[in-house]
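The values are calculated or read from the model by the stated rules, or taken from the named source; none is laboratory data. Predicted model, so just to flag it, every value in this text is computed and none were measured. So basically every Cβ, Gly included, is an ideal-geometry build from the backbone, and we count neighbours across all protein chains shown.
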Amino acid sequence: SLLEVVIRHRLNIDGFGACEGTLACSTCHLIFDQQVFEKLNPVADEEMDMLDLAFGLRKTSRLGCQVC
Ligand code: FES
């Protein structure tokens, strides 16, 4: 997942991935360009439930811990 990329490369993004990918936060919220969004794996119901709580939600929003 993109969360794993952030962790593996020790990217310092304040607060990103607070729940470590357990779908208990929305701190890994990302907004993609439409062209990229269309190529991502489908959104599962569990991700959608948490994504609804994300600040600044857009049509092309995803949770980074769920994007592979
Ligand atoms: Fe918490 Fe993605 S890291 S939902």
| said: List pairs: first residue in the stretch 48-68 and of a type in the set (Val, Ile, Thr) and modelled with pLDDT of 95 or more, second residue assigned to a helix (DSSP H, G or I) and surrounded by fewer than 12 Cβ atoms within 10 Å (Cβ to Cβ) anywhere in the structure, Cβ distance under 7 angstrom, at least six positions apart or on different chains. | reply: Thr60/Gln34
| Pairs, please: C-beta under 6 Å, at least 6 apart or cross-chain, first residue without any contact (Cβ under 8 Å) to a residue 24 or more places away in the chain and more than 12 Å from Val67 (Cα to Cα) and in the stretch 14-39, second among the β-branched types (Val, Ile, Thr) and near the ligand (Cβ under 6 Å from one of its atoms)? | Gly15/Thr27; Ala18/Thr27
| said: Could you tell me how many of the residues in the stretch 23-54 are hydrophobic (A, V, I, L, M, F, W, C) and away from the ligand (no atom under 13 Å from the Cβ)? | reply: 5
